[in-house]
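Structure record follows, encoded as structure tokens.
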Amino acid sequence: MRPPRLLLVSSDLAAELAEVGYESLTPDNAARLRRLARDGVFDQPPEPSYVVYELASGGHRQTGVVVEVAVDDYRRGLIQAHEGTNPIRVDRLGAVLDATRLELVPLTLAHEPCPELRSALAAASAGQPDVRVTSDRVVQAAWIVRDPEIADVIGNALAKTSTLYIADGHHRIAAAEQYATAHGSGESQPSDFILGALFPWDEVRILGYHRCVTRPEGPAANVVAVLAEQPAVESIEEVDTAEAATPAPGRIAMHLDGTWFQIRLRPPPETAGPRESLDIAILESVLGPALGIADPASDARIEPVPGTVDPATLSARCAERHEIGFLLHPPTTDQVRAVSDAGQVMPPKATWFDPKARTGPFLRDLS
């Protein structure tokens, strides 16, 4: 890890960039950004500098540091993944890098909490940020670390961080690895690194990723009975909306024909691995034989629903689309780490990290 060489964006331009998704970046608007940089619109520190990066959404706030992480660390397993990747999307992101040679959003990476690092970031962000931008209910703020003593503390703390975990950006780092293979030297070229925003595990937030499934024909009682007879299900009972809104580990709220139920799962066997012990993986094992969904990742009858959806919205959707809704408790950070450490991947759409790094405050030129 090393201090990044960034172009810090003015607040007005940051607001514009925040509306441009990274995958929407084109050679034309990339060329415009380079012209703006040449004309001095961006603030570039004379030397590479750490950047304190804060994300706030609702009552949640997390503070981290933006660095350049070596793509080779990803190859060597020092940056761990918990999701699989789609080769088509990786190639599309690689094409964006080839065409624009710009990074607009860092990976969201999690690490073990470090008191020294936390204190240094708090000191560096005590004043007004260099950039603040709000978009899509998320406030981003960035401070350039200009104090050399604070920078030294940050660097020493980061040197003790052995493993990073990808919270968001699995496809981007896979595309960066391809780009580095084609353009890097394996040493210190810009393409040998990728931007990362590092946050401690105790500050990141994971929301549940829910599911909606096309309702099979037949009375609701028959659907409940088929689900209840599955080996992983201990019981199913009717509950009120308030209880359904707060699913607990091992408890899945189900909305069927205007009624909320609670599916109580049996504890996984002691031989179960980290992935098999996840509530979402157990639910998929239930839906397979009960509703004939052999591959949840590709079956059009099952659809992931973001964790920001509330019970009222989910129930309205189910009524409109003739679906069954399932509200799940989010995986814990320990569960995500256990899956990563075991070299496994989570089921698709199992984690909804919120908030996560996005476009806006800064960019990095790879040319």
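Each listed q (0.26 Å⁻¹) maps to a log10 I(q)/I(0) for region 303-367 from the Debye sum over equal C-alpha point scatterers, namely -1.13. Taking the convex hull of the alpha carbon positions in region 86-138 and averaging its projected area over all directions gives 6.5 nm². For region 31-168, the solvent-accessible area with a 1.4 angstrom probe is 46 square angstrom per residue. The longest stretch of the chain left intact once loop-based trypsin sites (Lys or Arg not before Pro) with at most 14 other Cβ atoms within 10 Å are removed from consideration, loops following DSSP, is 161-367. Charges were assigned to the Cβ only: +1 to each Lys and Arg, -1 to each Asp and Glu. The resulting dipole of region 30-73 about its Cα centre is roughly 380 debye. Working note: 222 nm ellipticity from helices only, DSSP H runs with n ≥ 4, each -39,500 (n - 2.57), summed and divided by the residues of the chain, gives -9500 deg cm²/dmol to the nearest 500. Using Cα pairs closer than 8 Å and at least 6 residues apart in sequence, work out the relative contact order for the chain, in percent. The normalised contact order for the chain reaches 27 percent.
Local charge sum around Val345 (other residues, Cβ-Cβ under 9 Å, Lys/Arg +1, Asp/Glu -1)? Surrounding charge for Val345 is 0. Under the definition of Cα pairs under 8 Å and six or more residues apart, what whole-number percent is the relative contact order of region 121-236? Averaging sequence separation for qualifying contacts and normalising by length gives 10 percent for region 121-236. Where both residues lie in the chain, what percent of DSSP beta bridges are antiparallel, nearest 5? Antiparallel bridges make up about 90 percent of those DSSP assigns within the chain. Rolling a 1.4 Å probe over the protein heavy atoms gives region 239-367 an accessible area of 44 Å² per residue. Carbon-plus-sulfur accessible fraction, region 217-367 (probe radius 1.4 Å, protein heavy atoms only): 51%.
Global dimensions of region 137-185 from alpha-carbon coordinates: Rg and Dmax equal 15.6, 40 Å.
Residues in region 140-145 carry Karplus couplings, in order, of 10, 9, 9, 10, 6, 7 Hz; the curve used is 6.51 cos²θ - 1.76 cosθ + 1.60 with θ = phi - 60°, and Gly or Pro positions show x. Accessible area of Tyr165 (1.4 Å probe, protein heavy atoms only, ligands and nucleic acids ignored): about 20 Å². With both labels modelled 7 Å from their Cα along Cα-to-Cβ, the Ser235 to Glu23 distance reads 4.3 nm.
Computed over neighbours whose Cβ is under 15 Å from that of Ala159, the net charge equals -3, Lys and Arg +1, Asp and Glu -1. With the convex hull constructed from alpha-carbon coordinates only, region 79-200 shows a mean projected area of 9.1 nm² over all directions.
Dividing the convex hull volume of the alpha-carbon atoms in region 178-271 by its residue count gives 225 Å³ per residue.
Taken one residue at a time, the phi angles of region 299-308 give Karplus couplings (6.51, -1.76, 1.60, θ = phi - 60°) of 5, 5, 7, 10, 9, x, 10, x, x, 7 Hz. Gly and Pro are set to x.
Distance distribution note for region 201-243: the fraction of Cα pairs above 11 angstrom is 78%. For region 26-43, the Karplus equation 6.51 cos²θ - 1.76 cosθ + 1.60, evaluated at θ = phi - 60°, returns couplings of 10, x, 5, 6, 5, 5, 5, 4, 5, 5, 4, 5, 5, 7, x, 6, 8, 9 Hz by residue, with Gly and Pro reported as x. Net charge of the neighbourhood of Glu103, taken over other residues with C-beta under 12 Å away and scored Lys/Arg +1, Asp/Glu -1, is +2. Less than 5 angstrom separates the built amide H of Glu323 from those of Arg215, all sequence-distant by 5 or more or on a different chain.
The values are calculated or read from the model by the stated rules, or taken from the named source; none is laboratory data. What you see is a predicted model; the values in this text were computed from it and never measured. All Cβ positions, even for glycine, are placed from backbone atoms using ideal geometry, and neighbour counts span all protein chains on display. The accessibility values were calculated without ligands, DNA or RNA, using every heavy atom of the protein model including side chains. Shrake-Rupley method; radii C 1.70, N 1.55, O 1.52, S 1.80 Å.
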